[in-house]
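A quick write-up on the structure given underneath.
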Amino acid sequence: MKTTKVVAMSVMALSLGAFGAIATAAEHKGHSPMGMEMAHEPHHVLAMAYHRNLATFAKALHDQTAKASSVNVEFARTAVAEMRRSFDQMKQQHQACMQAMSAEMQAKMKDKMQQMEPHQSQLNEQLTALEQEVQSAAPDPKKVSTLASKVLTHVDAMSKMYHGSRGKGMKM
C-alpha cells in the first residue's frame, strides 16, 4: 500500500514535469519578445514546472486535510517532501535562469525579483512549519490545512506577479 501511494505520487510529479513545457508556452502568450525569449529559456521552463508542482501538492494536501478529523501521515509526509523538493528545485532553476540572462534583462527583472523575495522567504517558513507538523505523531489537520493554504497563497501571489493582470493564480 505504501509503495503504491509513493509510486502514484511520483507518477503525478513526473506527469506535471512532462507537461510543464507545454503549459509554460501557453502561459507566456502575449508577452513581449524579451519575455518570450525568457519563456523559452530551459531553466525558466523548469522553474515554472516546479512552481506548478509545488502548487499542485499544496492543493492536494489542503484538500485532504481541510475537513478531516485526522491526517493521513504517510500522505502528508510524502506531499510535504515533494513540496520542499519542488520549492528547492524551483529556486535552483530560477537562479540558473537569472545567471543565463543578459545584464539588460536582469536589470529589467530586478524589481520583480525583489517583490518575489518575501514570498519565497514566507514559502520557506511555511514549508518548514509543515515539515515539523507532519513529523509529529499526530499532526493537527487544521494546522496542516492552514499551512498548506498559506503556501498556496504565496505561490498564487508569485504567479500573479509573474503574469501581471492576467492573474493565472491557483484556485482552491
(request) Answer with yes or no whether Leu46 is surrounded by 14 or more Cβ atoms within 10 Å (Cβ to Cβ) and either under 17 Å from the mean Cα position of the chain (by Cα) or at pLDDT 90 or above (or both). (result) yes
(request) Identify all residues within segment 45-67 that are in a helix (DSSP H, G or I), of a type in the set (A, V, I, L, M) and in contact (Cβ under 8 Å) with a residue 24 or more places away in the chain; write none if there are none. (result) Val45, Leu46, Ala47, Met48, Ala49, Leu54, Ala55, Ala58, Leu61
(message) Taking the condition of being of a type in the set (D, E, K, R) and either without any contact (Cβ under 8 Å) to a residue 40 or more places away in the chain or buried (at least 18 other Cβ atoms within 10 Å of the Cβ) (or both), how many residues in segment 92-118 meet it?
(response) 4
(request) Tell me which of these Cys97 doesn't satisfy, since it passes every other one: (1) at pLDDT 90 or above; (2) touching an Asp or Glu at 6+ places or on another chain (Cβ under 8 Å). (result) (1)
(message) Need pairs with beta-carbon distance below 8 Å; first residue over 14 Å from Ala68 (Cβ atoms) and within segment 141-152, second among the hydroxyl-bearing types (Ser, Thr, Tyr); sequence gap 6+ or separate chains.
(response) none
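For the condition over 30 Å from Phe75 (Cβ atoms) and charged (D, E, K, R), what is the one hit in Lys142, Lys150, Lys91, Lys112?
Result: Lys112 is the single residue among Lys142, Lys150, Lys91, Lys112 that is over 30 Å from Phe75 (Cβ atoms) and charged (D, E, K, R).
The values are calculated or read from the model by the stated rules, or taken from the named source; none is laboratory data. A quick note: this is a predicted structure, and the numbers were derived from the prediction, not measured. Every residue, glycine as well, gets a Cβ built from its backbone with ideal geometry; the counts of neighbours run over all protein chains shown.
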